[in-house]
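The structure appears below as structure tokens.
The values are calculated or read from the model by the stated rules, or taken from the named source; none is laboratory data. A quick note: this is a predicted structure, and the numbers were derived from the prediction, not measured. No Cβ is skipped: glycine too gets one built from the backbone with ideal geometry, and neighbour counts run over all protein chains shown. Heads up: the accessible areas ignore ligands, DNA and RNA and are worked out on the full protein's heavy atoms, side chains in. Shrake-Rupley method; radii C 1.70, N 1.55, O 1.52, S 1.80 Å.
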Amino acid sequence: MKYLSVAIPSYNSQEYMAHAIESCLILKDDIEVIIVNDGSKDNTGTIGDEYQAKYPDTIKCIHQENGGHGEAVNTGLKNATG
């Protein structure tokens, strides 16, 4: 069981995604990272998918149409299990 869920709402964030995700992986045994790709037009979703494939027990990448920051946060909360 994961003790902590961290949602990363993201829109066109390819330049920062690796750093944001890597900073969470220090606790990968106890943490769940939920990347919410909020309709990005760049490689944000691809980066999220690559991390999900690499760390399937820790990272989830959810793709949705752009709904704004608040909707992306709410999507992260709805999918949190920690």
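Using heavy-atom solvent-accessible surface (probe 1.4 Å) with all chains present, what is the largest-first order of GLU65, GLU32, GLU50?
Sorted by accessible area, descending: GLU65, GLU50, GLU32.
What accessible area per residue, rounded to a whole number of Å², is obtained for the chain using a probe radius of 1.4 Å?
Each residue of the chain exposes 60 Å² on average to a 1.4 Å probe.
Residues of the range 47-82 with backbone nitrogen within less than 11 Å of a virtual label 7 Å along the Cα-to-Cβ line of GLN14, please, listed as ranges.
47
Given +1 on the Cβ of Lys and Arg, -1 on the Cβ of Asp and Glu, and no further charges, what dipole in debye does the chain carry about its Cα centre, rounded to the nearest 20?
Dipole about the Cα centre, nearest 20: 140 debye.
What percentage of the solvent-accessible surface of the chain, computed with a 1.4 Å probe over protein heavy atoms, is contributed by carbon and sulfur atoms?
So the carbon and sulfur contribution to the accessible surface is 51 percent.
What does the convex hull of the Cα atoms come to per residue for the chain, in Å³?
72 Å³
For ALA53 and SER5, FRET efficiency with R0 = 25 Å and r from the beta-carbon atoms, rounded to 0.05?
Rounded to the nearest 0.05, the efficiency is 0.80.
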